[in-house]
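What follows is a set of notes on a single structure, which appears directly below.
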Amino acid sequence: MLMISADVLALSSEAAVLVRSGRIQFANSAAKAILGEGCVGSTVKSVFGVEIAEAQAASFVGDLPIGGVRYIIRVTSMEGVRAVFLTKHEESAALINDALIYSLRNCLMGLGVTTEMLRTRAEAAKDTELLAGLASVTHDYYRINRMLSNVTLIRSIDDGSLFFVPRPTDLAALLAQLADAVNFISDGPRVAYYGPKELTVSIDPALAENLVLNLISNSLTHAAGCTRISLRLIEDRERVVISVNDDGCGIAPDKLHFVFDRYRHGFGISDIDHGAGLGLTAALAIANLHGGTLLLESREGSGTTVRASFSRNPVPTQLLCAAQEESERGMRTLLTGLANCLPDSCFDEKYAE
């Protein structure tokens with residue numbers, strides 16, 4: 001098995017290694033060009049890090065910095081042997097330019113003002129049919145706003161223009177509050193938080209909230225048959241890990257290894273109702289910005305787990321000063337983050353104001 005696999009991978013132009021018992025036993029020429037000629041015989045932990053070494057799933061995908069360059073790591077296991085493939089992480093495609101973003105945001109502003117004006121009149125006239133229609137329009141407003149927010153975030157992280165100022169934050173309290181808020185507004189599967197009651201780490205709280213909402217939204221939107229979502233917080237000396245797990249349908253093996261490629265390479269018309277794959281790309285960018293990574297494990301028919309690791313000492317892009325205030329977050333943030341998976345009824349006057 002090992003010799004046949006090595007013969008096949010030796011001919012591949014894609015960087016690939018074979019692993020048995022936690023050590024690299026074979027690396028093709030493309031992999032040696034990235035990892036070094038002496039990588040064969042090294043432990044997986046020393047080459048790829050603890051996240052990859054400790055992953056238990058038979059098949060998973062993640063990303064990893066190697067020599068200052070980020071790579072998508074795809075892992076497949078069979079009969080005690082793991083094949084690890086490395087693909088250079090391309091910068092996200094500029095699907096929407098600045099002028100288009102500016103125009104769309106102006107249109108959204110006008111749409112929001114007009115919708116609120118009509119809502120006031122509909123409430124005064126007790127026009128329930130019009131109110132239901134306005135809830136649907138407001139829902140679309142939040143869907144578009146979510147897309148633009150993720151695109152803007154991804155682009156600003158990619159080009160280095162985002163002001164990243166991590167600050168001491170009780171991440172345990174943030175996650176517990178997010179779970180409660182999602183359960184309050186959504187009739188879908190319950191989100192349960194498991195972890196310490198208090199854990200203060202240096203993060204950007206708005207970005208951490210964005211990451212978690214994107215991952216929960218993915219579970220609520222894509223995990224058919226899902227009955228529960230678990231939100232966990234794990235810590236060690238060098239990092240903290242946020243884990244989002246669902247018991248839904250899982251991801252087919254032929255699609256799992258390309259979950260981070262969807263945004264860069266486009267998506268089909270049948271996928272429009274479920275988003276453009278921006279959520280995972282945004283979550284990955286946020287984890288990278290915090291000095292961490294994203295690892296996605298899935299078994300078809302058994303559910304999906306996404307683990308986002310954050311360094312305990314992320315590097316800010318500017319210094320925190322007393323005049324800087326934390327960005328306001330609340331119901332609008334929640335509605336935007338979950339816009340792809342909530343029903344129209346969540347966007348009536350009760351929550352949308």
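If you take the residues of region 49-71 that are among the charged types (D, E, K, R) and touching a strand residue (DSSP E or B) at 6+ places or on another chain (Cβ under 7 Å), which of them is farthest from Ala31 (Cα to Cα)? Going through the qualifying residues, I end up with Glu51.
Filter region 289-318 for residues that are part of a loop (DSSP other than H, G, I, E, B) and more than 19 Å from Thr200 (Cα to Cα); which is modelled with the lowest pLDDT? Filtering region 289-318 for residues that are part of a loop (DSSP other than H, G, I, E, B) and more than 19 Å from Thr200 (Cα to Cα), the one modelled with the lowest pLDDT comes out as Gln318. Selection of first residues in region 62-73 that are modelled with pLDDT of 85 or more and of second residues that are hydroxyl-bearing (Ser, Thr, Tyr) and in a strand (DSSP E or B), restricted to Cβ pairs under 6 Å at least 6 apart or on distinct chains, gives the following pairs, ordered by first then second residue: Leu64/Tyr71; Ile72/Thr87. All conditions in (1) more than 17 Å from Leu213 (Cβ to Cβ); (2) assigned to a helix (DSSP H, G or I); (3) in contact (Cβ under 8 Å) with a residue 60 or more places away in the chain hold for Ser156, with the sole exception of (3). In the list Ser156, Ser149, Ser161, which residue meets the criterion of being crowded, with 16+ Cβ neighbours inside 10 Å, polar (S, T, N, Q) and closer than 30 Å to Pro316 by Cβ? Exactly one of Ser156, Ser149, Ser161 is crowded, with 16+ Cβ neighbours inside 10 Å, polar (S, T, N, Q) and closer than 30 Å to Pro316 by Cβ, namely Ser149.
Got a sec? Which of Leu148, Leu108, Leu118 is of a type in the set (A, V, I, L, M, F, W, C), at pLDDT 90 or above, out of contact with any strand residue (DSSP E or B) (no Cβ under 6 Å at 6 or more places or on another chain) and assigned to a helix (DSSP H, G or I)?
On the way: Leu148 fails: at pLDDT 90 or above; Leu108 fails: at pLDDT 90 or above.
On inspection, the qualifying residue turns out to be Leu118.
Ser46: over 25 Å from Glu238 (Cβ atoms) and among the polar types (S, T, N, Q), yes or no? Considered against the rule, which asks whether it is over 25 Å from Glu238 (Cβ atoms) and among the polar types (S, T, N, Q), Ser46 comes out as no. Quick one: is Lys126 surrounded by fewer than 16 Cβ atoms within 10 Å (Cβ to Cβ) and touching a Lys or Arg at 6+ places or on another chain (Cβ under 8 Å)? Judged against the criteria, Lys126 is not a match.
Each row is one residue, and each column tells you yes or no for (1) surrounded by fewer than 14 Cβ atoms within 10 Å (Cβ to Cβ); (2) more than 28 Å from His290 (Cβ to Cβ); (3) not aliphatic (A, V, I, L, M).
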position	(1), (2), (3)
Arg20	no, yes, yes
Gly38	yes, yes, yes
Gly41	yes, yes, yes
Ile52	no, no, no
Gly68	yes, no, yes
Arg82	no, no, yes
Ala99	yes, yes, no
Leu108	no, yes, no
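If you filter region 70-80 down to residues that are crowded, with 19+ Cβ neighbours inside 10 Å and not hydroxyl-bearing (Ser, Thr, Tyr), you find that the one that is nearest to the chain's Cα centre (by Cα) is Ile72. Of Phe164, Phe184, all but one fail to be modelled with pLDDT under 95 and within 12 Å of Ile286 (Cα to Cα); the exception is Phe164. So if I check each of Ala83, Ala27, which one is in contact (Cβ under 8 Å) with a residue 40 or more places away in the chain and outside the structural domain of Leu284 (by TED's automatic domain parsing)? Only one candidate qualifies: Ala83.
The values are calculated or read from the model by the stated rules, or taken from the named source; none is laboratory data. Just so you know, these numbers come straight off a predicted model, no measurement behind them. Note that each Cβ is placed from the backbone with ideal geometry, even for glycine, and that neighbours are counted across all protein chains shown.
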